[in-house]
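Here the structure is laid out as structure tokens; the discussion comes afterwards.
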Amino acid sequence: MNTEHLFPHNTNDIARAGYLLRAGELVAVPTETVYGLAADASNAAAVAKIFAAKGRPADHPLIVHLAGLDQLTRWACEIPDWLPPVLTQLWPGPLTVILKKQPHVSDVITGGLPTVGLRVPNHPVLRDLLQQFDLAVAAPSANPYQQLSPTRAEHVLAGLRGKIAAVLDGGPCTLGTESTILRIDHDHAEVLRQGPLSAATLQELLPVPVHTPVRHQHAVSGNKKVHYRPRAHVQLLPSEALQQQWPQRHATTGKRVGALVYSAPLDGDTTAVLRVPPTHHDYRQRLYAALFELDQRGLDEIWVELPPQEPEWADIHDRLQRAAGSADERESATDQH
Ligand code: TXA
Ligand code: MG
């Protein structure tokens, strides 16, 4: 399949993306978090193609992206009274809510669960597309299963070219990591995946307790220990350890080692070093693109300088730990999928 590269400033290209989605094809679309691999959510056969293109197990549920809050009741039921006013403040934005699904929502989307994940993305191109074509789209991140989520159209093409009909190029994603996932109950809510909206911010807005379990059993593929992973082995090191071990990296490992740093000064040949901004917002925006770039350099290992331990960095630590997944988990994950 020839994957078309579409550009939103061209109205013909937006129309083409809408046409392809309506025709049951897969189109990668920009969101403010990461690129999504979209299919018409009302067409189960189209949604099924997502799993084949990504190599994703069929029991991993997908998020349905809506044009606006007014679409919520079309997809979810038993919505607590307190939720819509809260969502008025948070949508469009990087928050996915898990709610009881309406009966018509396909098991292909929910992986057979009685619940559905819903979000109104905050990207003008995608919102225009959904509104103009009266669409809701099921969309996981637009990467092969367990690899890095794409924050640029080129990343999408590197992983999925030939397997999808088109990518709509909305430029680099402004946030850069996946949405916060919040399971909603009448009397409490639970953060299933950390993301740009912190549990503390959510707690300020919600009238019920917001829990953040360390481990949970809910079906979130982002909850796997190995995920969001580049090809090279990722190792997390505190700044001092990284600086100390850097000069002997080849002698001690016998491998091609690169580094992702935000503050540590590293001596010697630093062609395999990528420096990312030290503020949380800018670091998050660059993280996946930086890992992607280092991966392109054919390294065996990427040493990542451990970011600050402050609470606002929780989502970054979460992603980095999954990117680092241990060797054993890596083997078994590759064997299975
Ligand atoms: O920012 C994002 O959330 C991006 C963009 C494209 O919107 N999407 C994304 O999708 O990260 P994906 O499929 O890579 O991750 C969605 C997560 C999965 O881990 C899935 O298990 C979880 O959402 N999820 C979806 N529906 C669920 C449900 N009913 N119950 C529990 N978890 C659910
Ligand atoms: Mg994903």
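A short reminder: the numbers here are calculations on the coordinates, not readings from a lab. Here the structure is a predicted model, which is why all the values come from computation and not from measurement. Virtual Cβ from ideal backbone geometry, glycine too; neighbours counted across all protein chains shown.
Residues Arg127, Arg193 in ascending order of nearby Cβ atoms (within 10 Å, fewest first): Arg127, Arg193.
Taking the 0 to 90 degree range and rounding to the nearest ten, how far is the long axis of helix 11-22 tilted relative to the main principal axis of the chain, both from C-alpha atoms? Tilt relative to the chain: about 70 degrees. Counting only DSSP H runs of at least 4 residues, each contributing -39500 (n - 2.57), and dividing by the residue count of the chain, the helix-based mean residue ellipticity at 222 nm comes to -9500 deg cm²/dmol. Annotation: for a label point projected 7 angstrom from Cα along Cα→Cβ of Gln244, residues of the stretch 294-326 with backbone N closer than 16 Å are 305-306. Considering only Glu293, Glu78, Glu301, the Gaussian network model of the chain with Cα springs below 10 Å gives its largest mean-square fluctuation to Glu78. Between Gln235 and Glu154, the C-beta separation translates, for a Förster distance of 30 Å, into a calculated FRET efficiency of about 0.70.
Could you let me know the centre-to-centre spacing of the stretch 268-327 and the stretch 94-134, using Cα atoms, in angstrom? Using only Cα atoms, the two centres lie 30 Å from each other. In the chain, the convex hull through the Cα atoms has an average projected area of 16.9 nm², a quarter of its surface area.
Ranking Gln244, Pro311, Thr270 by how far each Cα lies toward the positive end of the dipole of the stretch 233-336 (charges on Cβ) leaves Thr270 at the top. Comparing Ala139, Ala41, Ala189 in a Gaussian network model of the chain where C-alpha atoms under 10 Å apart are linked, the largest mean-square fluctuation is found at Ala189. Here the Kirkwood formula puts the hydrodynamic radius of the stretch 233-336 at 14.3 Å, using every distinct Cα pair. With Cβ to Cβ distances under 14 Å as the rule, what net charge do the other residues near Gly162 carry (K, R +1; D, E -1)? Here the count lands on +2. Dipole size of the chain about its Cα centre, with +1 on Lys/Arg Cβ and -1 on Asp/Glu Cβ: approximately 680 debye, rounded to the nearest 20.
Angle, helix 314-324 long axis vs. longest principal axis of the chain, Cα atoms, 0 to 90°, nearest 10? The answer is roughly 70 degrees.
For the chain, modelled as a GNM whose springs connect Cα atoms under 10 angstrom apart, the maximal fluctuation among Lys100, Lys54, Lys255 occurs at Lys255. Taken about its Cα centre, the stretch 233-336 carries a charge dipole of about 280 debye when Lys and Arg each add +1 at the Cβ and Asp and Glu each add -1 at the Cβ. Per-residue extension of 0.36 nm, minus the Cα-Cα distance of Gln132 and Arg256, leaves a gain of 39.7 nm for this segment. Simple point charges give the picture: +1 on the Cβ of Lys and Arg, -1 on the Cβ of Asp and Glu, and for the stretch 50-190 a dipole about the Cα centre of about 460 debye. Across the options Ala44, Leu87, Cys77, the greatest Cα extent toward the positive end of the charge dipole of the stretch 6-141 (unit charges at beta carbon of Lys, Arg, Asp, Glu) belongs to Ala44.
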